[in-house]
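K.L.:
Got a structure here, written out as structure tokens. Questions coming.
The values are calculated or read from the model by the stated rules, or taken from the named source; none is laboratory data. If you're wondering where the values come from, they're calculated on a predicted model, not measured in any experiment. Positions of Cβ are generated from backbone atoms using ideal geometry, with glycine treated the same way; all protein chains shown enter the neighbour counts. In case anyone asks, the SASA skips ligands and DNA or RNA and just uses the protein heavy atoms, side chains included. Shrake-Rupley method; radii C 1.70, N 1.55, O 1.52, S 1.80 Å.
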There are 2 protein chains.
Amino acid sequence: MTAKLARNMRRGGMNLHNKAVRGNLIHAPVCGQIEALLDALILIDEAGVIAEVLPGCPPRLCADYAARGALVTLRPGQYLLPGLVDLHVHAPQFPQLGKALDLPLDRWLMEHTFPLEARYEDVGFAAEIYGRLIDTLLANGTTTALYFATIHLPASLKLAELCLQRGQRALVGRVAMDHPQTCPAFYRDASAALAADETRDFIAQVQALPGNVPRLVWPVITPRFIPACTDELLQLLGALATQTGCHVQTHCSEGDWEHQHVLARTGQSDAAALADFGLLTRRTVLAHGNFVSAADMDLIGAAGAGIAHCPVSNSYLADAVFPLRAALDRGLHVGLGTDIAGGASPSVLENARHAVTVSRMREDGVDATKPAGSRGVPGARIDFREAFWLATAGGGAALDLPIGQFAPGYMFDAMLVDQNAPHSHLGVTADDDAADVLQKIIYLVQRTNIARVWVGGRMVHEI
Amino acid sequence: MTAKLARNMRRGGMNLHNKAVRGNLIHAPVCGQIEALLDALILIDEAGVIAEVLPGCPPRLCADYAARGALVTLRPGQYLLPGLVDLHVHAPQFPQLGKALDLPLDRWLMEHTFPLEARYEDVGFAAEIYGRLIDTLLANGTTTALYFATIHLPASLKLAELCLQRGQRALVGRVAMDHPQTCPAFYRDASAALAADETRDFIAQVQALPGNVPRLVWPVITPRFIPACTDELLQLLGALATQTGCHVQTHCSEGDWEHQHVLARTGQSDAAALADFGLLTRRTVLAHGNFVSAADMDLIGAAGAGIAHCPVSNSYLADAVFPLRAALDRGLHVGLGTDIAGGASPSVLENARHAVTVSRMREDGVDATKPAGSRGVPGARIDFREAFWLATAGGGAALDLPIGQFAPGYMFDAMLVDQNAPHSHLGVTADDDAADVLQKIIYLVQRTNIARVWVGGRMVHEI
């Protein structure tokens, strides 16, 4: 028991925090390590911030919270985990989730993705789709999402408003893309100046949204990727990043075509070019990064920027596997992204599982006709502990936000996993230790196992 | 309308078949092609065999079936698909699903798998676990499963009995493994003769199970894999296969260790050695086959044997990706296996999805530092149409059973997918054609979308 808590108790419970949750907790504050607390107690203050995490449950304190109706007690077979952080979501692409993945990237973009995104000029359409998307992500335990919207300011603002209404922590970008040679006439910004002006307006409007205090939704400067933006636009957005200190998101070295295109146009890699444009900051998140070099990693690390590893998507639309092990060993900020709809799953846990899978395949290689030692990249694997950190605390650190773990000062963003939910695949046995429980959760949890979700102490989903 | 049906109708409906299902059907009778029938009618006879598939719905005929209470009509948003075929399940490993996958194969086997399998000496334990497994597989749409049980005859028979009771089409093997150098003392057959005798007894007992007419459950000759069996045992089991004509299952060229071990011991590959032992037949299913050569494929093709491709498992416990494209191009019999618990999913659809994924990764390779053309195996990809065929008709053909498609003479083994089920991720839109619907089903269906399952015309699962 801490000194502060002891003081509270001496005061006869008058200084109790707002609410408390009691049960078995599993989290991963440090990459590669998990911590499990049995029958622990988390105290949460009025602002939704974790005040204390007690490794046991003092009976009188629990009774005090229970008497006020302010205690949630987990049942046997239930586990409290940090909410999941999705670092890369194309919100408008939700209707094409699971579709057209048999097409090459150019046809996927031109025949499906861009025509779909263009429809968000209709704010009513946007409201319908975005509402369903937010509900779907919350139901999958995603308490924080970093969203690409579209080039339409009203629809992008609608996404921010809906996140605020539904209580999802969100970072939302109005997409900027003005390059006449790579963006279709039916879906691009009319000029660099217009795109930058609308981005500036969008930032102001999101920051001023009624109810957005304490901040739940942040605006994000969002050049789609270098090939889709003129140099003029990239310069304007880089200046805006410097002026505002806002988050930045873009794609970086995703596949062969993009990587080579940027090299040919700028004479340097995505990461280097972004740094020159002023777009590589502590609050930048780069989606993918499959083709980053060691020098790129140094640049990214020096800036403190983050990488959104999107393993499900990368198995389709990239041309190689992200060097995750190397990035972790350098201490880069890395988290996970679903990359809806390049990735055909709305679940960060499915991406955590697939992050382990593709790291194993990167290590082993794919072609049995080659000698065992030279098929893949030796030592490339990660395990479920690292994958879970990526999905939670790693994602939080990449966003420079106090989320993703159960510790004082962090937001109470959490999900309750129930192995006894109907239709459950999760079968924890008496032989399983906490690490086994977590591994089974990562591999077997379905949406129906996620019984409750909280963001900033507020319950935002319940089955 | 067919001539036969017209005759039935002329007889005033007296000769109507047993029951009928009306709705939108999707199946894949030919590898790489899908067929969708809107508002079709399937007529099913008393033995659970499909009598007719009508591309439209004659009103009077539907009314006749409806009047008898013998018509199931699908609602909008529901789709009828063939039941799924799982060609490789280690039934006793179900409790460790999703666990210990961070360990290397030898520790996975010796510390977890073999000690767990040894517990099935207790038939009560077996009954409890096997019952839950069968329920789980049926709920995931698996209408036919090819099971490895354990070395225990009573528990293996219990698995066969439970499949029969619950109505799952099943092929069950009492595992034979007698090699003292590779099998632990606590879990191996005492001698080759004993293992062969018990296999012979098991075959007779399964064939004689009360109620197993028409045959729903088949016995399978099951040498675990060459390293676990002495030459004497393999010879005895090969002779038994010739005498009985029973199905055979074993592992084949799964990873580096096993492949090299067999080469060193027998001087030839698994496939060649199995052929010499008389174990490579039209009714043999080889699990994995990741390291098969072109010559092995010729042998397998000449025998008409099948391969159980287990992509989820292979990403962990194999060391390369199965050359699926090459196998399909040669016309080999190939289907999918979950490989519970080497594969951490009970879902054949998840394996279908992952079969596409790993084929894309085999094509692309994993290491961006290599030149684009030499990272992987060009042309290796399959698409969702081929994956769905593998999961249904391909699996049926591999087993030499009339299952996996909607055609007269085939068993009515089917699942009803409901996109409007609670907690659904499946969002079919007005823009989606039948191929899009199927692709979304493969990527997004969860267990809760599988609303009903039939085997041989009998409904065996309903949410």
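K.L.:
Within region A:307-328, track down each residue that is under 20 Å from residue B:356 (Cα atoms), in a loop (DSSP other than H, G, I, E, B) and not aromatic (Phe, Trp, Tyr).
P.N.:
Of everything in region A:307-328, those that are under 20 Å from residue B:356 (Cα atoms), in a loop (DSSP other than H, G, I, E, B) and not aromatic (Phe, Trp, Tyr) turn out to be A:310, A:318, A:319, A:320, A:321.
K.L.:
Does region B:92-99 contain at least one residue that is in contact with a helix residue (DSSP H, G or I) (Cβ under 8 Å, 6 or more places away or on another chain), under 19 Å from residue B:447 (Cα atoms), open to solvent by 10 Å² or more (accessible area, probe 1.4 Å) and modelled with pLDDT of 95 or more?
P.N.:
yes
K.L.:
Filter region A:336-345 down to the residues that are more than 9 Å from chain B (Cβ to nearest Cβ) and in contact (Cβ under 8 Å) with a residue 60 or more places away in the chain and list them by number. Quick ask: steps written out before the conclusion?
P.N.:
Residues of region A:336-345 that are more than 9 Å from chain B (Cβ to nearest Cβ), as a first pass: A:336-343.
Within region A:336-345, A:336, A:337, A:338, A:339, A:340, A:341, A:342 meet the criteria.
K.L.:
Confirm whether residue A:331 is assigned to a helix (DSSP H, G or I) and either surrounded by fewer than 24 Cβ atoms within 10 Å (Cβ to Cβ) or touching a strand residue (DSSP E or B) at 6+ places or on another chain (Cβ under 7 Å) (or both).
P.N.:
It is false that residue A:331 is assigned to a helix (DSSP H, G or I) and either surrounded by fewer than 24 Cβ atoms within 10 Å (Cβ to Cβ) or touching a strand residue (DSSP E or B) at 6+ places or on another chain (Cβ under 7 Å) (or both).
K.L.:
Answer with yes or no whether residue B:189 is among the acidic types (Asp, Glu) and surrounded by fewer than 16 Cβ atoms within 10 Å (Cβ to Cβ). Even if it seems obvious, please write down each step before you answer.
P.N.:
Values: among the acidic types (Asp, Glu): yes; surrounded by fewer than 16 Cβ atoms within 10 Å (Cβ to Cβ): no.
For residue B:189, the condition - among the acidic types (Asp, Glu) and surrounded by fewer than 16 Cβ atoms within 10 Å (Cβ to Cβ) - is not met.
K.L.:
Let me confirm something: among B:255, B:267, B:245, which residue is open to solvent by less than 10 Å² (accessible area, probe 1.4 Å) and either without any contact (Cβ under 8 Å) to a residue 24 or more places away in the chain or farther than 30 Å from residue B:462 by Cα (or both)?
P.N.:
It is B:255.
K.L.:
While we're here: At least 3 residues that are within 14 Å of another protein chain (Cβ to nearest Cβ) and either at pLDDT 95 or above or open to solvent by 30 Å² or more (accessible area, probe 1.4 Å) (or both) in each: list the helices (runs of 4 or more DSSP H) lying fully within region B:360-458 that qualify.
P.N.:
Per the criteria, B:384-389, B:434-444.
K.L.:
Another question, then. Restricting region B:346-359 to residues that are out of contact with any strand residue (DSSP E or B) (no Cβ under 8 Å at 6 or more places or on another chain) and more than 9 Å from chain A (Cβ to nearest Cβ), which is most open to solvent (accessible area, probe 1.4 Å)?
P.N.:
Checked region B:346-359; the qualifying residue most open to solvent (accessible area, probe 1.4 Å) is B:350.
K.L.:
Criterion first (of a type outside the set (A, V, I, L, M) and not in a loop (DSSP other than H, G, I, E, B)) does residue B:343 satisfy it? Spell out how you get there, then give the answer.
P.N.:
Details: of a type outside the set (A, V, I, L, M): yes; not in a loop (DSSP other than H, G, I, E, B): no.
No, not satisfied.
K.L.:
Out of (1) open to solvent by 30 Å² or more (accessible area, probe 1.4 Å); (2) among the polar types (S, T, N, Q); (3) under 23 Å from the mean Cα position of the chain (by Cα), what's the single condition that is false for residue B:260?
P.N.:
(3)
K.L.:
Does region A:106-119 contain at least one residue that is within 12 Å of another protein chain (Cβ to nearest Cβ), over 30 Å from residue B:359 (Cβ atoms) and either open to solvent by 10 Å² or more (accessible area, probe 1.4 Å) or within 26 Å of the chain's Cα centre (by Cα) (or both)?
P.N.:
Checking region A:106-119: at least one residue is within 12 Å of another protein chain (Cβ to nearest Cβ), over 30 Å from residue B:359 (Cβ atoms) and either open to solvent by 10 Å² or more (accessible area, probe 1.4 Å) or within 26 Å of the chain's Cα centre (by Cα) (or both).
K.L.:
Does at least one position in region A:63-79 carry a residue that is surrounded by 24 or more Cβ atoms within 10 Å (Cβ to Cβ) and among the hydrophobic types (A, V, I, L, M, F, W, C)?
P.N.:
no
K.L.:
Given B:162, B:171, B:146, which one is part of a helix (DSSP H, G or I) and crowded, with 19+ Cβ neighbours inside 10 Å?
P.N.:
B:162 is the lone residue from the list that is part of a helix (DSSP H, G or I) and crowded, with 19+ Cβ neighbours inside 10 Å.
Yes or no, residue by residue, for (1) over 16 Å from residue B:130 (Cα atoms); (2) in contact with a strand residue (DSSP E or B) (Cβ under 6 Å, 6 or more places away or on another chain); (3) not β-branched (Val, Ile, Thr):
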| site | (1), (2), (3) |
| --- | --- |
| B:148 | no, yes, yes |
| B:175 | no, yes, no |
| B:179 | yes, no, yes |
| B:203 | yes, yes, no |
| B:225 | yes, yes, yes |
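K.L.:
Does residue B:262 fit the bill of being in the same structural domain as residue B:104 (by TED's automatic domain parsing), without any contact (Cβ under 8 Å) to a residue 40 or more places away in the chain and assigned to a loop (DSSP other than H, G, I, E, B)?
P.N.:
So residue B:262 does not fit the description; no.
K.L.:
Continuing with the same structure: Checking the conditions here, which among A:29, A:59, A:82 is open to solvent by 20 Å² or more (accessible area, probe 1.4 Å) and at pLDDT 95 or above?
P.N.:
A:29
K.L.:
Tell me the residue from A:291, A:277 that is within 24 Å of residue A:104 (Cβ to Cβ) and crowded, with 21+ Cβ neighbours inside 10 Å, please.
P.N.:
The conditions single out A:291.
K.L.:
Going by the structure shown, is residue B:23 of a type outside the set (A, V, I, L, M), modelled with pLDDT of 90 or more and at positive phi? I'd like the intermediate steps shown before the answer.
P.N.:
Values: of a type outside the set (A, V, I, L, M): yes; modelled with pLDDT of 90 or more: yes; at positive phi: yes.
In short, yes.
K.L.:
Please state which one of B:199, B:281 is in contact with a strand residue (DSSP E or B) (Cβ under 8 Å, 6 or more places away or on another chain), in contact (Cβ under 8 Å) with a residue 24 or more places away in the chain and assigned to a helix (DSSP H, G or I).
P.N.:
B:199 is the lone residue from the list that is in contact with a strand residue (DSSP E or B) (Cβ under 8 Å, 6 or more places away or on another chain), in contact (Cβ under 8 Å) with a residue 24 or more places away in the chain and assigned to a helix (DSSP H, G or I).
K.L.:
Evaluate the following for residue B:126: is it assigned by TED's automatic domain parsing to the domain that holds residue B:334, within 21 Å of residue B:168 (Cα to Cα) and surrounded by 17 or more Cβ atoms within 10 Å (Cβ to Cβ)?
P.N.:
Against the criterion (assigned by TED's automatic domain parsing to the domain that holds residue B:334, within 21 Å of residue B:168 (Cα to Cα) and surrounded by 17 or more Cβ atoms within 10 Å (Cβ to Cβ)), residue B:126 qualifies.
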